[in-house]
Amino acid sequence: MASVKEKVQLRKTDSPTRKSFSERMVEYGEIDHEFVVFESDIGYSTYSYLFGDKYPDRYFNMGIAELGTMAAAAGMAADGRTVVVSGYGVFLTMRAVEVVRSFICYPHLNVKILSSHGGLTAAIDGVTHQATEDIAYMSTLPEMKVLAPCDKFSARAAFDIAMQTPGPVFTRLMRDPLWDMYTEKDTFRLGGSHVLRRGGDITLVSYGDIVFQALEAADLLAKEGIEAEVIDMYSVKPFDAETLLESARRTKAVLVAENHQKRNGLGYEIGTFLLKHYPWKSAGVKSLKFDHLGLEDTFGESGNYYKVIDKYGISGRAIAEAARRLLSGARR
Amino acid sequence: MGTTVGTEAKLDERIAFLKKQAQQVRLHIVKMIHKAQSGHPGGSLSAADIMTALYFDILNVDPKNPRWPDRDRFVLSKGHACPVWYVCLALRGFFPIEELDTLRQFESRLQGHPVSTKTPGVDATTGSLGIGFAQSIGMALEGKWLKKSYKVYALLGDGEMQEGVVWEAAASANKYKLDNLVAIIDNNNLQNDGYTDRIMPIEPLDKKFEAFGWTTRRIDGHNMEQILTTLREAKAHRGTPFCIIAQTVKGKGVSFMENVRGWHGKPPSDQELAQAIQEIEGGLK
């Protein structure tokens, strides 16, 4: 069962999750001398260069060649070694997806993917650099585990989870610094989640940057007397089904919001899961209210992050609007 | 502890032994593909002499300890030719020879393309062309990083050179001066749809690899003396990665398969098998 945070306080951060993840990687390098890092020439963007500066003999920059980088990582991991592969989400999860599938997941190798620029958080870079299908590709692969931390502390924890989980782990990270919310005292685990706010009217589920938008939506809804429960589903695969079911049993309404294509995102997974496992009897209802926000079969675009996520319907305002609609029973 | 098989013997005796061994390898290849009624005979037969030399002279491996950390690595980047690999592994003692009859069958350890987690002696899962070679880069990097003395051998098809990732790998081998890496190209000039030099020309392979910083040799891939002496040269070579371009004939050893496009991925009938066995037993022409 997820821990419930008493009070969430957002603090402006100067460290995007990609940087925090890499900083933890450098620290981890001191206690674990056996793992190596493969970079595909964006080390100064993913901050993996920090590892390379400290451990030059354990850092391999394979150039602008994601396919070759991923395959070479598989070769180095073939006898059990842990290899971190760093790059941008679009290239690692799509250009190299077949290598990840057949030559990393299938032989269950200890390859940990540091994937930056997840979702529309690379807003100003435009569509070619926005990984808006990464969760779908990675979570579809057998053996793959998927993490999506939202702040400095959960990103640092994600690195530890990745290293301590056997087999392949994908971590979705963000380009821009947003907020910090957790502290060093918070704990994270594979298959875990955090309930950030208690509420009995609707369950808002999200991960990564949209967690902050869900919190904002909960604030907006509270002013209208609607109490939203907010869950940070930082472990996307496997996700915390127990916490989800417990919350949904009480609220009888679930709204998933994600910075990703709706199709084959976490919302699809949760929707089908609830169809099969929702405790209708103990909830005492015959229908569960469910909706899902994300990219509606469309690409994103360049622009200011907040303007872009609002246009594509995953801002706090948009989530609050969808929650009202869902609770009022109106159909879109 | 791994050992190569009888490296102390005189060269001409070694060559005679390896030629005989290659004959056995070819016989098993056609028999197992016939039994499975599925598989790739052409590319298995073209690589048979090279594979025999690797497994019965060059590679330092231990069938009793397939994951021995100091073993030489072998990657069959042209994974569809796995019948020749399975035969060599079986004859070398990695698993029982009778198991060859299970090729491609339900719940067999001998999958349609090589799988490292299923078959003893298979160091890398392959089957998607170009990717095995790229994996061998990581294996060689690990050897360099750990200052190990083992070598990594990768066998590629010539059609496979059309995959872009091959050249990503070739460049990285040069950057890291992977002189513990030996690439062998089974240059039979035939791929699924026809002649390689017509589908998408990839020559001159020697000049290309030299431009990428590799040392290259061109040999006759069915001349056991050339194969053996060049592989031994590659094994001793230091300073650069080493590429052997072996001129071969697809389907070598079975007249009706030789240099015929249709035998890329087709099993022989009962009659064809009988003729193939007879011809292989008669020796290479």
message: Can you list which of the DSSP-assigned H helices in chain B have a Cα extent of 15 Å or more along the long axis and an average Kyte-Doolittle score of at least -0.5?
response: B:11-36, B:131-145, B:164-175, B:224-236
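How large is the helix-only mean residue ellipticity at 222 nm for chain B, computed as the sum of -39500 (n - 2.57) over DSSP H runs with n ≥ 4, divided by its residue count, in deg cm²/dmol to the nearest 500?
One gets -12000 deg cm²/dmol as the mean residue ellipticity at 222 nm.
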- request: Quick one: which residues, 5+ away or cross-chain, put their amide H under 5 Å from the amide H of B:Arg218? H built at 1.01 Å from N.
  value: B:Ile245
- line: Looking only at aspartates and glutamates whose Cα falls under 15 Å of A:Lys145's and that sit 8 or more positions away or on another chain, we get A:Asp134, A:Asp160, A:Asp240, A:Glu269
task: Report the antiparallel proportion of the DSSP beta bridges in chain A as a percent, rounded to a multiple of 5.
output: 15
- line: Per the C-alpha gyration tensor (a ≥ b ≥ c, the square roots of its eigenvalues), region B:93-222 is rounded if a/c is under 1.5, else prolate if a/b beats b/c, else oblate; here it's oblate
statement: Quick calc, B:Lys147 & B:Arg261: beta-carbon distance into FRET formula, R0 51 Å, rounding 0.05, result 0.65
A:Asp310/A:Arg11 FRET efficiency (R0 22 Å; Cβ-Cβ; nearest 0.05): 0.45
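So what is the relative contact order for chain A, in percent, with contacts set as C-alpha pairs under 8 Å and at least six apart?
Dividing the mean separation by the residue count of chain A yields 18 percent.
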- line: quick note, region B:11-281, DSSP beta bridge pairs, % antiparallel (nearest 5) is 10
task: Count the DSSP beta bridges whose two residues both fall in region A:194-328, then state the antiparallel fraction as a percent rounded to the nearest 5.
output: 20
- prompt: Which entries in the list B:Lys207/B:Lys266; A:Lys54/B:Lys147; B:Lys35/B:Lys207 go over 31 Å, if you measure between the two C-alpha atoms of each?
  reply: B:Lys207/B:Lys266; B:Lys35/B:Lys207
- prompt: What angle, in degrees between 0 and 90 and rounded to the nearest 10, separates the Cα long axis of helix A:266-277 from the longest principal axis of the Cα atoms of chain A?
  reply: 60
- line: Where a ≥ b ≥ c are root eigenvalues of the Cα gyration tensor, a/c under 1.5 meaning rounded, otherwise prolate if a/b exceeds b/c and oblate otherwise, region A:15-180 counts as rounded
message: Under the 0.36 nm per residue contour assumption, what length would be gained going from the current alpha-carbon distance of B:Glu281 and B:Lys118 to full extension?
response: 55.5 nm
query: Ranking B:Phe106, B:Phe56 by Cβ neighbours within 10 Å, fewest first, what do you get?
result: B:Phe106, B:Phe56
query: Under the rule of -39500 (n - 2.57) per DSSP H run of 4 or more residues, summed and divided by the residues of chain A, what mean residue ellipticity at 222 nm is obtained, to the nearest 500 deg cm²/dmol?
result: -10000 deg cm²/dmol
- prompt: For helix A:316-328, what angle does its Cα long axis make with the longest principal axis of chain A, in degrees from 0 to 90 and rounded to 10?
  reply: 40
task: Determine the distance separating the Cα centre of region B:139-189 from the Cα centre of region A:45-114; give it in Å without decimals.
output: 17
query: Shielding of A:57-68 by partners, i.e. mean partner chain Cβ atoms within 10 Å per residue?
result: 5
- request: Please give the FRET efficiency for A:Ile31 paired with B:Gln105, using the beta carbon to beta carbon distance and R0 = 45 Å, rounded to the nearest 0.05.
  value: 0.45
task: Please give every one of the lysines within straight-line cross-link reach of A:Lys286, meaning a C-alpha to C-alpha distance under 18 Å, and leave out same-chain neighbours fewer than 8 residues apart.
output: A:Lys252, A:Lys276
- request: Report, by chain and number, residues whose modeled amide H sits under 5 Å from the one on B:Asp123, excluding near sequence neighbours (fewer than 5 apart, same chain).
  value: B:Phe74
- prompt: What percent do you get for the relative contact order of region A:15-180 when only Cα pairs under 8 Å and 6+ apart count?
  reply: 27
- prompt: Given H placed 1.01 Å from N in the peptide plane, which residues other than close sequence neighbours of A:Gly200 have an amide H under 5 Å from its amide H?
  reply: A:Glu227
Pair B:Glu233, A:Lys54: separation of 7 Å Cα→Cβ label points (nm): 4.7
task: Using only Cα atoms, tell me the angle between helix A:241-251 and the longest principal axis of chain A; keep it within 0 to 90° and round to the nearest 10.
output: 20
- prompt: Looking only at region A:148-173, which residues have a backbone nitrogen under 16 Å from a spot 7 Å from the Cα of A:His108 in the C-beta direction?
  reply: A:164-169
- request: Specify the inter-centroid distance of region A:215-256 and region A:122-193, based on alpha-carbon positions, in whole Å.
  value: 19
task: Compute the relative contact order of chain B as a whole-number percentage, counting only Cα pairs closer than 8 Å that sit 6 or more residues apart in sequence.
output: 23
- prompt: What ³J(HN,Hα) values, in whole Hz, does the Karplus curve 6.51 cos²θ - 1.76 cosθ + 1.60 give for region A:32-43 when θ = phi - 60°, with x put for Gly and Pro?
  reply: 10, 8, 9, 8, 10, 10, 10, 10, 10, 6, 9, x
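Just so you know, all these numbers are worked out from the coordinates, no wet-lab data involved. Source: prediction; values computed, not measured. Every residue, glycine among them, receives a Cβ derived from its backbone with ideal geometry; neighbour counts consider all protein chains shown.
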